[in-house]
Amino acid sequence: MYTLTIAMVVLFCMNAAGAGSVGVEGTVKDSDGEAVSGARVSLKNNSSVVSFTDGEGAFALSGSVESEPASDSIVVVTRGYRTALMALESYNETDIAVTLTASNTWVPSEPLEYTGSMVKIEAKGHDFEIGQPCDTVKGLYRDYPTTDYEQPVHTVNFTYDFWMDTVEVTQGEYDTVMKAIYGDKYIRPTWNASNGLGKNWAAYSIEWGSAALFCNARSKCQGLPDTAYSYSGVIGSIGSLCTLQNVSVDLHANAYRLPTEAEWEYACRAGTTTDYYWGKDYKPYPANATDLDEVDSYAIWTNNSFDLGKETVVHLGEGLDSSYYGTHETGKKKPNAYGLYDMAGNVSEWCNDWYNYYPWGAVTDPTGVVPEDSMRYPRVRRGGNWSNNASYLRSTERQFNAADYEFLFIGFRTVSSGPDFTIGIREAARIFSKAQPSVTVASGRIRFSGVAGCEIALFSLLGKRICSIKPETRNFTFTTTMLPTGSYIVKIRSKSEVCRRVTLLP
C-alpha cells in the first residue's frame, strides 16, 4: 500500500505540472494609451482559450490547459494593428498590459504608377498582417479545423517595392512567349472552349515548372539583363507538364518571377483588413442576391461560372467561342485599390513559395522555407478560382499542390523586384504588346507588320545577304520587282529572332 500511495502521489504531481487552469486578466491599449476594444486575445499554445477585449480594453482568459506557462504566450490580434506576443510567467497573472502599434500598410494617395502591363506596389517601409486568427472559418472536417494553415497571424515587413502584373497571364501571351523561346520543345496546354478559350483569357492547366519557365522566357523576350530561375534540368514537357530539377530563384534579379506568398497577399489586400478586398467579411456574407451580385462584380467564381454549366456559350467571333463555364477574359471585373484584377477567382495563382505553416512573430521579406527534398514538396497557390465558393475568395485563403500538378483551375501572374527592372521595360512592353512580327508575300512586294525597331534582312537560299533595313514604322512594305522570282530567306531580328522562308511571286 505504501508503494502504491507514493506512485499515486507522483502521478498526481506530474499531472498537476503538465495541466491546470487559466485565470489571466489584463488590458489592451494602443500606443496613445487608448483602450482597444474587440481585440482577440488567446494563448499561443492553447488556442482554444480565447477572450475579446471589452469597451475598456479589458480581457479575461479562462479554461484548462496542458502546457507549462513558461512556454506559453498571450497573442493579441485585431485589425489595423500589428500582432502582439507577450510571454507568460504564470497562468494566474491578472495585471497584464498589452500595447499595440498601428500597422503601416500602403494606402495609395496619388495615381498608381504603371510600366507596361504592370503596376508598382509600394511595400518598402510598410507592413501588414498576414493570415487570419480563426482556424474554423470553413467549419470542422471530421472534428479537425479547416483553416489552421492560415495561422498564425503575424506581421510582415518589406524592405523593397515590387511590380506586379495587373492581370493574370493570358493564353495569347503564354503561347507566344513560350513558342518564341522554347520552340519545338514547347507543348501548348490543352485549352478548349468548354473551360475558357481566347487570347485574352487567363492561361490555365499550367504547373509550377512551366510558370517559372515562362518567367524566364518573358525576361528574354523583353531583353531584360537577367532571368530569375536557375535549374539543372527539365523533366517532362515544357509548357504543359514539367518539373525543374534543382531549381533556385534570384528574387531580386532584374527579371520576371512568381510572387512570394507575402507579396501576393499584401497586393491582394491592397490596404484592407477585411476578408475580401472590397471591404466585406465572410459569413453571413454573401447572404442574399445583392451580396451575390457584389461578389460577381469583383470575381469569377462558382456563381457566375462553374454553376452555370458548359452549355452557356458566349459567341465572340470565329474561333473565339467561349463559355461562362470556365475561365473568363482577364481584367473585366472590378480591380482592387492597387489596380489589380482577378486577385479573387478566375484562376488560382502559383506563388514562388513551398508550402509550410506560418511562423510566429514578425518577419521581414519572407520567402518561405526551402525543403531538403524540394522535388516532393508542394508549392503554394492563392486566390481561389472559377469553381470555388465564396470562402475560397478570401484574401487569406491558402491552397497547395505538387509543383508538377497541372489543373484546369490553376494559372499565375508575375512580379519583379529587381532594382533596375524598369530600365528599358516601357519601350519593350510597348513593342511586345503588339502582334509578333509577321510576313505576307504578295505580287511584287513583301508586307511586314509589327517590325518597328527590328532589323529585316533578305538572304538567298545559299545564305548570301541581298539587303537589310530597319523600319521606323510598325508596318512596312518591301518592293521586290527588281528581284527574280524564287525562294528567299527573310530574317527579322527583334527581341527574339523570327525566320521565314518566302517565295516571291511574278
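Taking the stated definitions as given, is GLU263 closer than 30 Å to TRP191 by Cα, among the acidic types (Asp, Glu) and at pLDDT 95 or above? Before the answer, list the steps.
Numbers: closer than 30 Å to TRP191 by Cα: yes; among the acidic types (Asp, Glu): yes; at pLDDT 95 or above: yes.
Yes; evaluated as a whole, the condition is true for this residue.
It is to be established whether one or more residues within the range 215-225 are surrounded by fewer than 20 Cβ atoms within 10 Å (Cβ to Cβ), on the phi < 0 side of the Ramachandran plot and under 22 Å from the mean Cα position of the chain (by Cα).
Taking the range 215-225 first, the residues surrounded by fewer than 20 Cβ atoms within 10 Å (Cβ to Cβ) are 220, 223, 225.
Next cut, on the phi < 0 side of the Ramachandran plot only: 220, 225.
This time we only want the ones that are under 22 Å from the mean Cα position of the chain (by Cα), so: 220.
Checking the range 215-225: at least one residue is surrounded by fewer than 20 Cβ atoms within 10 Å (Cβ to Cβ), on the phi < 0 side of the Ramachandran plot and under 22 Å from the mean Cα position of the chain (by Cα).
Mind listing just one residue for me: the one in the range 147-168 that is in contact with a helix residue (DSSP H, G or I) (Cβ under 9 Å, 6 or more places away or on another chain) and assigned to a loop (DSSP other than H, G, I, E, B) and, of those, modelled with the lowest pLDDT?
We begin by selecting, within the range 147-168, every residue in contact with a helix residue (DSSP H, G or I) (Cβ under 9 Å, 6 or more places away or on another chain); these are 147, 156, 158, 162-164.
This time we only want the ones that are assigned to a loop (DSSP other than H, G, I, E, B), so: 147, 158.
Working: THR147: 82, PHE158: 98.
Applying the filter and picking the extreme gives THR147.
Select from the range 89-108 the residues that are within 25 Å of GLU34 (Cβ to Cβ), of a type in the set (Gly, Ala, Ser) and assigned to a loop (DSSP other than H, G, I, E, B) and list them in ascending order.
Listed by number, the list holds a single entry, SER103.
Step by step: first the residues of the range 229-239, then only those that are closer than 17 Å to TRP350 by Cα and in contact with a Ser or Thr (Cβ under 7 Å, 6 or more places away or on another chain), then the one that is modelled with the lowest pLDDT. Which residue is that? Walk me through it before giving the result.
Start the filter on the range 229-239 by keeping residues that are closer than 17 Å to TRP350 by Cα, which leaves 229, 238-239.
Those left that are additionally in contact with a Ser or Thr (Cβ under 7 Å, 6 or more places away or on another chain): 238-239.
Numbers: ILE238: 95, GLY239: 91.
Among those that are closer than 17 Å to TRP350 by Cα and in contact with a Ser or Thr (Cβ under 7 Å, 6 or more places away or on another chain), it is GLY239.
Evaluate the following for ASP135: is it acidic (Asp, Glu), in the same structural domain as THR396 (by TED's automatic domain parsing) and within 21 Å of SER51 (Cβ to Cβ)? Talk me through it step by step, then tell me what you get.
On the way: acidic (Asp, Glu): yes; in the same structural domain as THR396 (by TED's automatic domain parsing): no; within 21 Å of SER51 (Cβ to Cβ): yes.
Answer is no for this residue.
Determine if the range 166-184 includes at least one residue that is among the polar types (S, T, N, Q), closer than 30 Å to VAL234 by Cα and not assigned by TED's automatic domain parsing to the domain that holds GLY271.
Restricting attention to the range 166-184, the residues satisfying the condition of being among the polar types (S, T, N, Q) are 166, 170-171, 176.
Keeping just the survivors that are closer than 30 Å to VAL234 by Cα gives 166, 170-171, 176.
From what is left, the residues that are not assigned by TED's automatic domain parsing to the domain that holds GLY271 are none.
Taking every residue of the range 166-184 in turn, none turns out to be among the polar types (S, T, N, Q), closer than 30 Å to VAL234 by Cα and not assigned by TED's automatic domain parsing to the domain that holds GLY271.
Do you know which of the residues in the range 373-400 that are under 14 Å from the mean Cα position of the chain (by Cα) and either more than 27 Å from THR136 (Cα to Cα) or of a type in the set (S, T, N, Q) (or both) is surrounded by the most Cβ atoms within 10 Å (Cβ to Cβ)?
Top of the filtered list is ASN385.
Which members of the range 109-122 meet the condition of being part of a loop (DSSP other than H, G, I, E, B) and surrounded by 15 or more Cβ atoms within 10 Å (Cβ to Cβ)? Steps first, answer last, please.
Taking the range 109-122 and keeping what is part of a loop (DSSP other than H, G, I, E, B), we get 109-113, 116-117, 122.
Once the filter is applied, which keeps residues that are part of a loop (DSSP other than H, G, I, E, B) and surrounded by 15 or more Cβ atoms within 10 Å (Cβ to Cβ), the range 109-122 yields LEU112, GLU113, GLY116, SER117, GLU122.
Is it the case, given these coordinates, that VAL380 is at pLDDT below 90, in the same structural domain as VAL153 (by TED's automatic domain parsing) and of a type in the set (A, V, I, L, M, F, W, C)? Spell out how you get there, then give the answer.
Values: at pLDDT below 90: no; in the same structural domain as VAL153 (by TED's automatic domain parsing): yes; of a type in the set (A, V, I, L, M, F, W, C): yes.
Answer is no for this residue.
The conditions are (1) part of a loop (DSSP other than H, G, I, E, B); (2) surrounded by 15 or more Cβ atoms within 10 Å (Cβ to Cβ); (3) more than 18 Å from the chain's Cα centre (by Cα), and GLY125 fails exactly one of them. Which is it?
(2)
The values are calculated or read from the model by the stated rules, or taken from the named source; none is laboratory data. Model, not experiment: these values are computed from the prediction. Note that we place each Cβ from the backbone using ideal geometry, even for glycine, and neighbour counts take in every protein chain shown.
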